[in-house]
Structures are given as structure tokens and as C-alpha cells.
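Participant: To start, I am sharing the structure in question, which I have written as C-alpha cells.
The values are calculated or read from the model by the stated rules, or taken from the named source; none is laboratory data. Because the structure is predicted, anything quoted here is derived from the model rather than measured. Cβ coordinates were reconstructed from backbone atoms using ideal geometry, including for glycine residues, and neighbour counts include every protein chain displayed. Heads up: the accessible areas ignore ligands, DNA and RNA and are worked out on the full protein's heavy atoms, side chains in. Shrake-Rupley method; radii C 1.70, N 1.55, O 1.52, S 1.80 Å.
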Amino acid sequence: MSKSCAMVVACIFFCACSDMSMLKGRFDVPVQHNFIGVGKELPQKSSVSNVAVSAVYVQEDSLRIRDLYNEKDGYSNPTKIDFVYKLNNFPIMVSYTYIYKGELCVAGVSASIGRYLFGRFIFGVNDKNYEVGMYGDLGYGFDQGSYDYRYDSGGLFGGGPYGDSTYSDKYIGHYVTSFGLYASYYYGPLGVTYSPSVYAPWQRRDLPVNAKGNVESEGAYDINFKFPQIVSQYVGLSFWITDHWKISGGVTFLTPVDFNDFAMTGNTSVGFWF
């Protein structure tokens, strides 16, 4: 057998079933910018565009996930993970939104840039004094992750836990997805909005590891848990200063999906509509 073939076989044998179990994890996450609607009635069969600048103030800088376990790790009982999301959000976001209204329904798209690149779809109803709808987001960015883990590099036949190691303060690329609802009631230039959403701040099924001590592996190991989702609930007011300028402000309440922890942010935005 040639040397190159032997290397390929060895790689498959030792790496095919590589996975890791999280022991302790700290991951930066974005603060969700929920869609807050237009805030007034739009003319039928018309379109409108918006360029907005949004700012976020993070009051509590972390969310602890209290009941997160590795799904499989070579032990009879799943191991619990000491896991915290860190809300280190970039404070400014710039976005562009386009919305078209038919007889009653509206549909739109949005793109934004801040700490992440985001795309959004919007669908809903816009009437004389209210609007309701739904939206979905897809984003991509880089965040710091630090974690202690136990890894298994047993290859095709499984080798059981191989050792423990640490991966510290490195930027890791990941997707962010969300789905939300919005509802606004407005009278004259003033409106009030409630917008809940559920978002997955880390969409990954593997993570980079240090395979032996501090020797960094070029690849990544499959993880034995799912990154938890976050519930985001925005409540706020909006005011149309003129026909083209709108200001908004409110608070966002963030919790894990099991509601075992709590964080709050302040949100404000200024938008030009045309």
C-alpha cells in the first residue's frame, strides 16, 4: 500500500466518528432586532422604502441556560453543561426595508448590517389603525466562543472518551435564524407595538477543537448538544415626526425558551421613509 493510501485509511479510521461533549461553554450572541412594523396606514397598491439606524443598550450581559445536556457522550447518564450566552451586541445597526401593499396585505424584504449581515422577509396586513404580520430572518456573523469539552476520536469503531481540552476566545462563524410576529395599533402619528420572536443565535452542528493538548486541529468535531434558542419580546412606541421621518423606542425582554433566566435591552431607531 502506498504512503498516501495509508494516510487516507488512517484518517478515516481515526476521524470518521470524532465528536465532542461540552462541559462548559461561553458564547457571544446577537441581540435580536425585532420587526416593529410601519406604524401607519399605507395607501393601497403602493410601495415604500425605509433606511433606518438602530441602537441597542444591553442592561444584562448574559443569559444562563440551566437545563442543557449532552445528548450522547459515552456515559450511562447524559452530562449537564455549564452554559451561558453573553449578550455582547454591536450597538449600531443600519437597515434597508422595502414593503409593497396590495388591497390589504403587505409583503416586504429587508437587509441590515451591524455585527452581522441579516436578510428578512415580511408578510402581514396593514389597515387604518392596526397592522399584524410575521417575519423571518437569516443572518451570518462571527462571535467569540470559549468552552471546555471532552472529545472522542475513536474512528470507525469508536474509542470512547479520549481526553479533555479547552478552546478559548476564538471567533467562530455561524448562522442566526429567527421567526417572529408583530402587531401595532396606531392613532394619528403615535403607535404602540408588540413583537415576539424565537431565534437560534448559533446554527452549528460542529465546533473547532484542540485535538491533543494545545495542538489545534484543522477541522471540527460534531457536538453532542443543540444550541439553545432565545425568546425575544419587544414592546415599544413609535412616532411619525413628519411624513418621512419616524422615531421608535422600547425595551426587549430576552429569555431562554424554558424562561429560567432573564435579560433586558433598550432599543431605539430613527428611520427615513420614502
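Participant: Scan region 182-207 for residues that are touching a strand residue (DSSP E or B) at 6+ places or on another chain (Cβ under 7 Å), within 19 Å of Leu42 (Cα to Cα) and of a type outside the set (Phe, Trp, Tyr) and report the count.
Facilitator: Going through region 182-207 one residue at a time, the tally reaches 7.
Participant: Taking region 48-72 as the region of interest, how many residues are part of a strand (DSSP E or B) and open to solvent by 70 Å² or more (accessible area, probe 1.4 Å)?
Facilitator: Residues that pass the stated criteria total 4.
Participant: So which residues in region 86-117 are surrounded by 17 or more Cβ atoms within 10 Å (Cβ to Cβ) and under 18 Å from Ile36 (Cβ atoms), if there are any at all?
Facilitator: Asn89, Met93, Ser95, Thr97, Ile99, Lys101, Val106, Gly108, Ser110, Ser112, Gly114
Participant: Mind checking which residues of region 124-150 are open to solvent by 10 Å² or more (accessible area, probe 1.4 Å) and either farther than 26 Å from Ala111 by Cα or hydroxyl-bearing (Ser, Thr, Tyr) (or both)?
Facilitator: Lys128, Asn129, Tyr130, Tyr140, Ser146, Asp148, Arg150
Participant: Would you kindly identify the strands (runs of 3 or more DSSP E) lying entirely within region 172-274 that contain at least 3 residues that are modelled with pLDDT under 95 and open to solvent by 40 Å² or more (accessible area, probe 1.4 Å)?
Facilitator: 215-223
Participant: Right, next: Quick test for you: out of Val48, Val56, Val29, pick the one residue that is at pLDDT 80 or above and under 18 Å from Tyr135 (Cα atoms).
Facilitator: Unique residue meeting the criteria: Val48.
Participant: When you look at Phe35, is it more than 22 Å from Val257 (Cα to Cα), out of contact with any helix residue (DSSP H, G or I) (no Cβ under 8 Å at 6 or more places or on another chain) and among the aromatic types (Phe, Trp, Tyr), yes or no?
Facilitator: No, not satisfied.
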